[in-house]
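Below: one structure, written as structure tokens.
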Amino acid sequence: MSNLKLSALLLNWYRDHGRDLPWRVKGGAHPDPYAVLVSEFMLQQTTVKTVLGYFEKFMRRFPTVESLAAASLEDVYLSWQGLGYYTRARSLHETAKIIVNEYDGVFPRTRETVLKLKGIGSYTVSSFLALAFNLPETVIDGNVIRIICRLYNLTAPTDEIMSLIRQKAEKLTDRRHPADYASAIMDLGATVCTPKKPQCLLCPWQTACRAKTSPLLEQIPSRRKTEKKEKPGNVYLIQNSKNEIFIRKRTEKGLLSGLYEFPWSEETTPLPGAGDTGKTVTHVFTHFKLTLRIYKLQTETPPTNDGFFAAPEALKSYPFSTLMKKVQKAAG
Ligand code: SF4
């Protein structure tokens, strides 16, 4: 079956079965590139289902790129709370400032210029240009890789055949309807050609698909497993006699930068006088998995000079990382 026929089948399917999402419209580009940009940052490492709840709230709080650029990073973090991976919020904020200050609020629309913004890699740039401006870009994410590998029965580990996958994906891209095509192939992967139990009988590409009847279908695409490094550490809930709790802001650079936290470190020998709660929390970062043991400590003196004691009811006005939210919840 020709690529033209395949993309026509997919677009027909999308018109009837594609998801209605607030950051895209069927039939072409979204009228507001800012909405597409916000969604692209939120969707990095987070599912559509989770993002939906945060997107609308964020857009109400920061309805334009100008309002986001004018906000403080702390306010942006507060609206991002719960989504995790705060580097994305920081990069989105930086990007908004660049668009306002260097482009007078007009979104750039070439690959080279968009790639120079903050936190935008090769996947995000393609998806943004396709959805915001209907430009002929090929989007390649996990969904697309899975579909292409199955459609052509490519069984080698994906890291060995990425250029072949890209070639095939580019040939399939409908250059007359790139926004719809990008949305359609992502929807096909999310709702029909799912990792487990793909619903081939509902698939517009079922007659062309070479892996459809393979007993190994669910094992396509083949990926090498990379184990995340495990790191232990301690976290301290330090209270004074007024029941206030010690918090500090992380430095402006590095892991979880700019967010508030209870003091923690990878040092596993507890501080003198700290009581072991017997509870732990685990959080998976991009490159490692951290497990912190929770200790409690009573003192009137701030343990370090980079933080302060805050009343428990005031804690919600400070942006905490997902890891620290977990600590708070586990400690009760
Ligand atoms: S026929 Fe099945 S395996 Fe093939 S692309 Fe469609 S859903 Fe995926």
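The values are calculated or read from the model by the stated rules, or taken from the named source; none is laboratory data. Remember, predicted model here, so these are calculated numbers, not experimental data. No Cβ is skipped: glycine too gets one built from the backbone with ideal geometry, and neighbour counts run over all protein chains shown.
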Of the residues in region 151-160, those that are under 25 Å from the mean Cα position of the chain (by Cα) and β-branched (V, I, T) number 1
Taking the condition assigned to a loop (DSSP other than H, G, I, E, B) and closer than 22 Å to S183 by Cβ, does W23 pass?
yes
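Please verify whether region 191-214 includes one or more residues that are over 30 Å from S122 (Cα atoms), over 26 Å from the mean Cα position of the chain (by Cα), of a type in the set (G, A, S) and in the same structural domain as L4 (by TED's automatic domain parsing).
yes
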Check region 157-166 and report whether any residue there is outside any loop (DSSP other than H, G, I, E, B) and within 16 Å of the ligand (Cβ to nearest atom).
yes
Restricting the search to region 283-332, which residues are part of a loop (DSSP other than H, G, I, E, B), closer than 16 Å to S265 by Cβ and among the β-branched types (V, I, T)?
T304
Among L188, L237, which is within 8 Å of the ligand (Cβ to nearest atom) and either outside any loop (DSSP other than H, G, I, E, B) or of a type in the set (S, T, Y) (or both)?
L188
Answer with yes or no whether F285 is touching a helix residue (DSSP H, G or I) at 6+ places or on another chain (Cβ under 9 Å) and either over 29 Å from V192 (Cβ atoms) or within 16 Å of the ligand (Cβ to nearest atom) (or both).
yes
Can you tell me which residue within region 264-293, out of those that are farther than 16 Å from K325 by Cα and β-branched (V, I, T), is surrounded by the fewest Cβ atoms within 10 Å (Cβ to Cβ)?
T269
Could you go through region 127-138 and let me know if any residue there is part of a helix (DSSP H, G or I) and either within 15 Å of the ligand (Cβ to nearest atom) or touching a strand residue (DSSP E or B) at 6+ places or on another chain (Cβ under 6 Å) (or both).
no
Tally of residues being part of a helix (DSSP H, G or I), within 8 Å of the ligand (Cβ to nearest atom) and of a type in the set (D, E, K, R) across region 196-222
0
Is region 74-81 home to any residue that is assigned to a loop (DSSP other than H, G, I, E, B), among the acidic types (D, E) and away from the ligand (no atom under 16 Å from the Cβ)?
no
Which of (1) in a helix (DSSP H, G or I); (2) within 13 Å of the ligand (Cβ to nearest atom); (3) in contact (Cβ under 8 Å) with a residue 40 or more places away in the chain is the odd one out, the single condition Y181 does not satisfy?
(2)
Which of the residues that make up region 61-117 are touching a Pro at 6+ places or on another chain (Cβ under 6 Å) and free of Cβ contacts under 8 Å to residues at least 24 places away in the same chain?
V114
Here is a check on your reading of the model: is V100 of a type in the set (A, V, I, L, M, F, W, C), more than 14 Å from the chain's Cα centre (by Cα), more than 26 Å from L259 (Cβ to Cβ) and not assigned by TED's automatic domain parsing to the domain that holds L259?
no
Counting only residues that are under 18 Å from A311 (Cα atoms), touching a Gly at 6+ places or on another chain (Cβ under 8 Å) and assigned to a loop (DSSP other than H, G, I, E, B), region 240-265 contains a total of 1
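Determine, yes or no, whether E230 is within 16 Å of the ligand (Cβ to nearest atom) and outside any loop (DSSP other than H, G, I, E, B).
Working: within 16 Å of the ligand (Cβ to nearest atom): no; outside any loop (DSSP other than H, G, I, E, B): yes.
Taking the combined requirement at face value, the residue does not satisfy it.
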